[in-house]
Amino acid sequence: MSKISKNELEQVLGIFEPWYIEDVKFIQRSEQMHIVLAQAVEKTSYSLLGINKRRQKSEVENSAICRWNHIRLGKYSTVIETKQSYVEAALSQSVSAVKARIPFIGEIDKDYSFHLEQLVRIASSRQVSMDNMSAICQLDMDLLKKIQSDISESLSSEKYSNPIPPDTDPVWRGILTDKTRLSTKLFPLKLLLSNLKLKVSERSDDPVVLQKSVAELRSFFESHASELKNEIAQVSGGFVGTARKAQNANKVKLILPGVKNQIWHEVLTGVLKIPTNNMALNLLISKMRLIHGRPGEDRAKLYAELRSFFHKNARTLKPELLFLTKQLQKDSSPQTTTILPASNHSIWQRILYDDGYLPANNLPYQLLLTNLRASLGESGTREAEANAANRLRMFFIKNQGLMKKEVNQIIQLAQTA
């Protein structure tokens, strides 16, 4: 394997024109790698002697040197250094644009790169502790705390509560090469993505084309940040925007009650009124209520017919099905336990020993009573009675929706006992 060239190292660090690596210095004792950067100048029409792209050293030789701690590469921490005159020229533009497109440099009076600053901002927004970040990124804890302190004192901290990743973030390349999915409904963004993806696929071997496409895509995000909150959440690591999360959280799985469910009886007796604008449903319910009130009528058949109507017209009756679903959830969810007497109340013993005290047609209730009475017959100890009373009470708590009548009876009997 051949040694890595400066051009290849530039691609690794995300350094593109007009910046280039002028020199690399290894300091073995401190395990540091100093990357010395310079800027290229445009060719002129009279550049016959190969004086191209390199700014003449005489213009910057007296300029001070700026150094910033950057990301770690293997066992070596990286330090970026360049002439201050280059940095001043870059920072004369929009600072936010510089942070995005030239994240490997930093502020003149700081000792860390914009990329490290961005990492700390993202970690803070996701509530990642500095200890974890120091361990994962193998960065000096004191440096991370200093960056965090500078961010907290910055007036622009609020702006980066949901930061847009810099150009060097892999998420942009992933989007343009279809390795990362970006969901959007904004047509201008869809159009831009189509054009950029086509350009990148046609010049897949040219890293400069990819980098310029990334810069253009990120610039669009920054210019339309207010319209791209969901998309920004995706590229910054959320992958699902806040609005979509809320939408999914609010989704309710629709349930069609069974034929034997009490809810159909309540609908046809008028106890439960379904709010609906569906004329066919209103006519059917009105007709069925008349039939339902006749003596000797097969009510089970009516319930089955009404349920079948809902089943066949489920697509047009979603609001009505949602109403029924919420009623089922309301009826089946346990109510507050304070409405029932405590398990040591005498009423539970009365129900256990008196067969006619609280009759009910509920089969699970009848089976439970049979089992509890059998267990009490085998061992009539106080501990067995207490356990039986507690099991009986818990049964009513869990089935309050199905046994409303019996629950109300228990409350009334307990008050008069």
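The values are calculated or read from the model by the stated rules, or taken from the named source; none is laboratory data. Because the structure is a prediction, the values reported are computed rather than measured. Glycine gets a Cβ as well: all are built from the backbone with ideal geometry, and neighbour counts include every protein chain shown. When the accessible area is computed, the model is the full protein with side chains, heavy atoms only, and any ligands, DNA or RNA have been set aside. Shrake-Rupley method; radii C 1.70, N 1.55, O 1.52, S 1.80 Å.
All of (1) assigned to a loop (DSSP other than H, G, I, E, B); (2) without any contact (Cβ under 8 Å) to a residue 60 or more places away in the chain hold for R391 with one exception: (1).
In the set S343, S375, which member is open to solvent by less than 80 Å² (accessible area, probe 1.4 Å), farther than 30 Å from G258 by Cβ, in a loop (DSSP other than H, G, I, E, B) and at pLDDT 80 or above? Among S343, S375, only S343 is open to solvent by less than 80 Å² (accessible area, probe 1.4 Å), farther than 30 Å from G258 by Cβ, in a loop (DSSP other than H, G, I, E, B) and at pLDDT 80 or above.
Among the candidates Q84, Q127, Q138, Q93, which residue alone is modelled with pLDDT of 80 or more and open to solvent by 20 Å² or more (accessible area, probe 1.4 Å)? Reasoning before the result, please.
Numbers: Q127 fails: modelled with pLDDT of 80 or more; Q138 fails: modelled with pLDDT of 80 or more; Q93 fails: modelled with pLDDT of 80 or more.
Among Q84, Q127, Q138, Q93, only Q84 is modelled with pLDDT of 80 or more and open to solvent by 20 Å² or more (accessible area, probe 1.4 Å).
For the range 314-333, a residue qualifies if it is within 16 Å of I255 (Cβ to Cβ) and outside any helix (DSSP H, G or I), and the qualifying residues are A314, R315, L317, S333. Applying the criterion of being more than 12 Å from E107 (Cα to Cα) and in contact with a Phe, Trp or Tyr (Cβ under 8 Å, 6 or more places away or on another chain) to the residues of the range 65-79, the residue that is surrounded by the most Cβ atoms within 10 Å (Cβ to Cβ) is H70. Within the range 99-123, being at pLDDT below 75 and closer than 13 Å to W68 by Cβ holds for one residue alone: K99. Candidates in the range 283-296 are the residues that are exposed (fewer than 12 other Cβ atoms within 10 Å of the Cβ) and among the charged types (D, E, K, R); of these, the one that is modelled with the highest pLDDT is K287. Of all the numbered requirements in (1) open to solvent by less than 40 Å² (accessible area, probe 1.4 Å); (2) modelled with pLDDT under 85, L302 misses one, and that requirement is (2). Looking at this structure, is V214 touching a helix residue (DSSP H, G or I) at 6+ places or on another chain (Cβ under 9 Å), assigned to a helix (DSSP H, G or I) and within 26 Å of L13 (Cβ to Cβ)? The answer is yes for V214. Among residues of the range 204-226 that are open to solvent by 50 Å² or more (accessible area, probe 1.4 Å), those with a Cβ under 8 angstrom from a residue that is charged (D, E, K, R) and at pLDDT below 85, sequence gap 6+ or separate chain, pair up as V208/E17.
Out of K229, K197, which single residue is within 22 Å of the chain's Cα centre (by Cα) and more than 23 Å from W19 (Cβ to Cβ)? Please lay out each step first, then the result.
Values: K197 fails: within 22 Å of the chain's Cα centre (by Cα).
The match here is K229.
Considered as a group, the residues in the range 233-274 that are outside any helix (DSSP H, G or I) and touching an Asp or Glu at 6+ places or on another chain (Cβ under 8 Å) include one that is modelled with the lowest pLDDT, and that residue is G241. V208 fulfils the conditions (1) β-branched (V, I, T); (2) under 23 Å from W19 (Cβ atoms); (3) at pLDDT 85 or above except for a single criterion, (3).
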